[in-house]
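Enquirer: I'd like to ask some things about the structure below.
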């Protein structure tokens, strides 16, 4: 259909939503019929519950292993050298200059590029091997170590950006330049939703953490239609801003207002052919349904005491990472397709030993609990869980190196992440870095490779999920990326 055409359109020219709007009561009418009389609205509600199948519908590119994603994003760049990448040589050569043959003239940030020396810094924490896989995991992560055989650890991730904003944007959208759709938006665009009463893409940000800023564009829809953007759930009485009716407005009057507004939108759509009007109608209807579904989904008061014991004492504090992990499990149970958690505070240029110790204390037990909880409920097999930040940290100290303190600068050349469930291969350690922990030694995994692999377990060929915009077809992985088969079960 050509939006610039002003003449009458045939049925063949109409989108599915335009057809519903013009021939019948439209999406609002279907929702109203279902709410007022479920029996009478059975046929209509069948259409409504199947309306958001995504661009791929039921014809996925191959059989999926995962139905949903929970992405635990550690914003700021957690140090791989204090978590998953054990480098005893750094302890042996602690304080010695980083060899030029290792650095190979690679760029540094302005924060350490002018240092007179780059002294190598060994980790202040001990490592041990865990599980049948023998994965080396830091003493900072005792709970994560308990589930080592459920993890697929990648020690050879690398990226292109050396500063936070472009690096986080790259991990979340596949591009260092803002304006592209986020990975959650791509998943919703391709696969649709499994719950008509909750957003397909939900974002949870740990409350009270002050570090590198996070922007709503990180979970935006970019050039995809606006309904694909993430919806942030906040801690407190109002999880979604402006969702509740203002004082004095009843559900009945809200329903009446939406029906009249829908009629005006339908008239505008007939006159202009603007598909964004259909998107607005759908969003208003979703917001109306969310007035009931969101409070139920976000109310943790009904969780048993055993759940709080599993996730840790912070789980009773709204907005903490532990509480958000528990909420993520509840959203996964309710069919939310993509759940994104952000936990800030990993940008430790100085005071790293104390800083990363606190970060791990806040996140270690909840990560373990989330995997354990999903597994015992039969959800881990079809839920892909991803943990990681935007880049790693340098093997040398930024600033003064002392016997008890040091910092690490940004390092895009290598870092570690882990995945679990959702068709990934448990008990796997993939890739390696050199003995100095500075460069990838084997089996490098680029950001586009990670995205391609994530889409693959969802049944999507990353090269075929595209959107035509400004004269060419775009995709999450741009013109790069490959599925890393050894990571798959």
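The values are calculated or read from the model by the stated rules, or taken from the named source; none is laboratory data. Keep in mind it's a predicted model, so treat the numbers as computed, not measured. So basically every Cβ, Gly included, is an ideal-geometry build from the backbone, and we count neighbours across all protein chains shown.
Enquirer: Within segment 266-278, can you find the residues that are surrounded by fewer than 20 Cβ atoms within 10 Å (Cβ to Cβ) and within 35 Å of the chain's Cα centre (by Cα)?
Expert: 274, 275, 276
Enquirer: For segment 126-137, name all the residues that are in contact with a helix residue (DSSP H, G or I) (Cβ under 6 Å, 6 or more places away or on another chain) and either within 14 Å of residue 85 (Cβ to Cβ) or not assigned by TED's automatic domain parsing to the domain that holds residue 429 (or both).
Expert: The answer is 135, 137.
Enquirer: A further question on this structure: Please go through segment 118-154 and give me each residue that is under 19 Å from residue 489 (Cβ atoms) and within 22 Å of the chain's Cα centre (by Cα), ordered by number.
Expert: 147, 148, 150, 151, 152, 153, 154
Enquirer: Counting only residues that are out of contact with any helix residue (DSSP H, G or I) (no Cβ under 6 Å at 6 or more places or on another chain) and part of a loop (DSSP other than H, G, I, E, B), which one in segment 244-255 is nearest to residue 291 (Cα to Cα)?
Expert: 244
Enquirer: Next up: Within segment 168-188, how many residues turn out to be assigned to a helix (DSSP H, G or I) and surrounded by fewer than 23 Cβ atoms within 10 Å (Cβ to Cβ)?
Expert: Final tally of qualifying residues: 2.
Enquirer: Which residue out of 264, 258 is more than 13 Å from residue 233 (Cα to Cα), in contact with a helix residue (DSSP H, G or I) (Cβ under 9 Å, 6 or more places away or on another chain) and not assigned by TED's automatic domain parsing to the domain that holds residue 362?
Expert: Testing whether each residue is more than 13 Å from residue 233 (Cα to Cα), in contact with a helix residue (DSSP H, G or I) (Cβ under 9 Å, 6 or more places away or on another chain) and not assigned by TED's automatic domain parsing to the domain that holds residue 362 leaves just 258.
Enquirer: Next question, about the same structure. When only residues in segment 189-204 that are assigned to a loop (DSSP other than H, G, I, E, B) and within 15 Å of the chain's Cα centre (by Cα) count, which is nearest to residue 392 (Cα to Cα)?
Expert: 200
Enquirer: What is the residue count in segment 95-107 for residues that are modelled with pLDDT under 95 and either touching a helix residue (DSSP H, G or I) at 6+ places or on another chain (Cβ under 7 Å) or surrounded by 13 or more Cβ atoms within 10 Å (Cβ to Cβ) (or both)?
Expert: Residues that pass the stated criteria total 0.
Enquirer: For segment 341-452, list the strands (runs of 3 or more DSSP E) that sit wholly inside it and hold at least 3 residues that are over 30 Å from residue 96 (Cβ atoms) and outside the structural domain of residue 99 (by TED's automatic domain parsing); which are they?
Expert: Strands (runs of 3 or more DSSP E) meeting the threshold: none at all.
Enquirer: Of the numbered conditions (1) within 25 Å of residue 77 (Cβ to Cβ); (2) buried (at least 16 other Cβ atoms within 10 Å of the Cβ); (3) without any contact (Cβ under 8 Å) to a residue 24 or more places away in the chain, residue 358 satisfies every one except a single condition; which is it?
Expert: The single condition residue 358 does not satisfy is (2).
Enquirer: Same structure, new question: Quick check on this structure: which one of 297, 328, 307 is in contact with a helix residue (DSSP H, G or I) (Cβ under 7 Å, 6 or more places away or on another chain) and surrounded by 22 or more Cβ atoms within 10 Å (Cβ to Cβ)?
Expert: After applying the criteria, what remains is 328.
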